[in-house]
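Asker: Quick one: this structure, given as structure tokens, is what I'll be asking you about.
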Amino acid sequence: MQEDGNRVGSNDDDRSRIARAWGWSSQLTSIALEMVLPGIVGLWIDRQLGSVMVFLILGVVFGMTAGMIHLVQFARRISEKERQAEKDANE
């Protein structure tokens, strides 16, 4: 998604509802994968090295932290767009 063009959740977005829904779902799926995949990779590394959940824990912590940061950024963008749309409607 572009930061300045047709953005997810934008009220001035000229795409169809289904296209906007696909945009939302792709961003949320990306965030979910960002949270899960580092843990899976960490588990795989632990099994390859024979270590006991060291890389699994590091992967989960990293993935959850990065995913939460991006989820908060996503929510802020949506909130700012809604506030701007509300402000524009009141003017």
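Asker: Scan segment 39-53 for residues that are among the aliphatic types (A, V, I, L, M), at pLDDT 95 or above and farther than 27 Å from residue 28 by Cα and jot them down. Before the answer, list the steps.
Answerer: Quick first cut of segment 39-53, residues among the aliphatic types (A, V, I, L, M) only: 40-41, 43, 45, 49, 52-53.
In the following step, the residues that additionally are at pLDDT 95 or above were identified as 40-41, 43, 45, 49.
Once the filter is applied, which keeps residues that are among the aliphatic types (A, V, I, L, M), at pLDDT 95 or above and farther than 27 Å from residue 28 by Cα, segment 39-53 yields only 49.
Asker: Another question, if that's okay. Going through 78, 31 one at a time, which residue ends up being of a type in the set (A, V, I, L, M, F, W, C), part of a helix (DSSP H, G or I) and in contact with a Phe, Trp or Tyr (Cβ under 8 Å, 6 or more places away or on another chain)? Even if it seems obvious, please write down each step before you answer.
Answerer: Details: 78 fails: in contact with a Phe, Trp or Tyr (Cβ under 8 Å, 6 or more places away or on another chain).
Result of the check over 78, 31: 31.
Asker: In addition: Only one of these is in contact with a helix residue (DSSP H, G or I) (Cβ under 7 Å, 6 or more places away or on another chain) and among the polar types (S, T, N, Q): 27, 48. Name it. I'd like the intermediate steps shown before the answer.
Answerer: Working: 48 fails: in contact with a helix residue (DSSP H, G or I) (Cβ under 7 Å, 6 or more places away or on another chain).
Step by step, each of 27, 48 is checked, and only 27 is in contact with a helix residue (DSSP H, G or I) (Cβ under 7 Å, 6 or more places away or on another chain) and among the polar types (S, T, N, Q).
Asker: Taking into account only those residues within segment 34-63 that are of a type outside the set (Gly, Ala, Ser) and outside any helix (DSSP H, G or I), which is surrounded by the fewest Cβ atoms within 10 Å (Cβ to Cβ)? Talk me through it step by step, then tell me what you get.
Answerer: Applying the first criterion (of a type outside the set (Gly, Ala, Ser)) to segment 34-63 yields 34-38, 40-41, 43-49, 52-58, 60-62.
The next check asks that each one be outside any helix (DSSP H, G or I); those that pass are 52-53.
Details: 52: 9, 53: 12.
That would be 52.
The values are calculated or read from the model by the stated rules, or taken from the named source; none is laboratory data. Since we're looking at a predicted model, the values are computed, not measured. Because the Cβ atoms are built from the backbone with ideal geometry, glycine has one as well, and the counts that use them run over all protein chains shown.
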